[in-house]
Amino acid sequence: MAGPSSRSGDVHIAFVTDAPDSLQVKKDSTLAMIRAAQRRRWRITVLGIGDIALQHGRVMGWTRDYALTADALADLDGADAADYYRLGPPARMALADADLVMMRKDPPFDMEYVHATHLLERAVDEGARVVNAPRSLRDCNEKLYATRFREFTPPHIVSSRPDLLLDFHAEHQDVVFKPLDGMGGTGVFRVRPDDANLRVVIETLTDNGRRAAMAQRFIPEISAGDKRVLLVGGKPVPYALARIPMAGELRGNLAAGGQGVGQPLTTRDQRIAAAVGEDAKARGLEFVGIDVIGDYLTEVNVTCPTCVRELDRAFGLDIAGDLLDHLLPGA
């Protein structure tokens, strides 16, 4: 595990994230990154997407210094959820003046998020380093990006046309339908053969043909878990977190009640990770979470990947520390 650097006091990392009091002390991956930065004695500031502005030709941020308490720094898992951090007063700064800007805002991926990526891209033009790259955050929809890797994906279709989605179901019989902009398993439906809800599911997800949705052939191996594989600088962490659905549930997402079980990557996992990692790295996507069910890639998460804390606990890792060392080697 890396320790504080000799030039640690000179390093400033700004986190664009949700409101500090909304972060979950027991599981939030952003807090793992903050803790890793604080252990290196870096300056940490936080801001929301509403705190970013283009002013007098420069991209500015209204930031606040952020520090974990001594107890939380020593043991984040055991920290008091009501009192584990301190915030300084608001201050205005050019985002390009930070050594690193970490975009860690949770979805929804709405127009405010898109506008924030445009502003962050302007900050990049001014010399800021933003991770993940703002342009790729816009370009790489987490469901659609996975379809670039066709040899690893299950049969699928993306369309707003109900007739095409009905034909896909008729061909594959057991199908998972999901929105393109969902998170945490929201809006995901499994439709079996002869399911009377088929048409209403399609009507709901497509808003009666006005909005595109994705359908994938159901993968029975979901019973063994929806594996989250994290990529740091295009390279996979050697362990996955298999999120196993609770009884009677389709979704393995932890937010939907799934149980996380750590396990080493399989050979197939490694092949998928290598293919996605090479492409992601070229796009400036330095921290990515891919989802694998059985032998199939189902999603590529680029906005705010999670499961750092669970894998750290299971295998004694320091994934956030490894990420910071990759991004700012020698700092």
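Where a number appears in this text, it was derived from the coordinates with a stated rule and is not lab data. Everything numeric in this text was worked out from a predicted model, so none of it was measured. Virtual Cβ from ideal backbone geometry, glycine too; neighbours counted across all protein chains shown.
How far apart, in nm, are two points set 7 Å out from the Cα along the Cα-to-Cβ line at residue 73 and at residue 167?
A separation of 6.2 nm, rounded to one decimal place.
Please give the FRET efficiency for residue 62 paired with residue 10, using the beta carbon to beta carbon distance and R0 = 30 Å, rounded to the nearest 0.05. Before the final figure, lay out each step's value.
Values: r = 23 Å, r/R0 = 0.75.
My answer for the efficiency is 0.85.
Could you grab the relative contact order for the chain? Cα pairs under 8 Å, six or more apart, rounded to a whole percent.
18 percent
What length, rounded to one decimal in nm, is gained on full extension from residue 221 through to residue 197, with 0.36 nm per residue of separation minus their alpha-carbon distance? Before the final figure, lay out each step's value.
Values: separation 24, 0.36 × 24 = 8.64 nm, distance 2.34 nm.
Fully extending the segment from residue 221 to residue 197 adds 6.3 nm.
Taking 0.36 nm per residue of sequence separation and subtracting the Cα-Cα distance, how much length would be gained by fully extending the chain between residue 55 and residue 208, in nm to one decimal? Walk me through the numbers before you get to the answer.
Working: separation 153, 0.36 × 153 = 55.08 nm, distance 4.17 nm.
Extending this stretch completely gives an extra 50.9 nm.
Step through the residues of the range 200-211 one at a time and calculate ³J(HN,Hα) from phi using the Karplus curve (6.51 cos²θ - 1.76 cosθ + 1.60, θ = phi - 60°), rounding each to whole Hz and writing x for Gly and Pro.
Per-residue couplings from phi come out as 5, 4, 5, 4, 5, 5, 8, 6, 6, x, 9, 9 Hz.
Can you give the calculated 222 nm mean residue ellipticity of the chain, where each DSSP H run of n ≥ 4 adds -39,500 (n - 2.57) and the sum is split over every residue, rounded to the nearest 500 deg cm²/dmol? Kindly include the intermediate steps, with their values, before the conclusion.
Details: 9 runs with 90 residues, N = 331.
Roughly -8000 deg cm²/dmol at 222 nm, from the helical runs in the chain.
In sequence order, what are the phi-derived ³J(HN,Hα) couplings for the range 66-75 according to the Karplus relation 6.51 cos²θ - 1.76 cosθ + 1.60 with θ = phi - 60°, rounded to whole Hz, with x for glycine and proline?
Result, rounded to whole Hz: 9, 8, 6, 5, 4, 5, 5, 5, 6, 8.
Tell me which label goes with the value of P(r) over Cα pairs in 20 Å bins from 0, in percent computed from the coordinates here: (i) 30, 56, 13, 0; (ii) 27, 49, 22, 2; (iii) 29, 41, 21, 9, 0.
Here the calculated entry is (i).
Once you have a ≥ b ≥ c as the square roots of the Cα gyration tensor eigenvalues for the range 155-217, tell me rounded if a/c is under 1.5, and otherwise prolate or oblate according to whether a/b is larger than b/c.
Since a/c stays below 1.5, the shape of the range 155-217 is classed as rounded.
Would you work out the relative contact order for the range 221-322, in percent, from Cα pairs under 8 angstrom that are 6 or more residues apart? Walk me through the intermediate numbers first.
Details: 192 pairs, mean separation 31.3, N = 102.
It rounds to 31 percent for the range 221-322.
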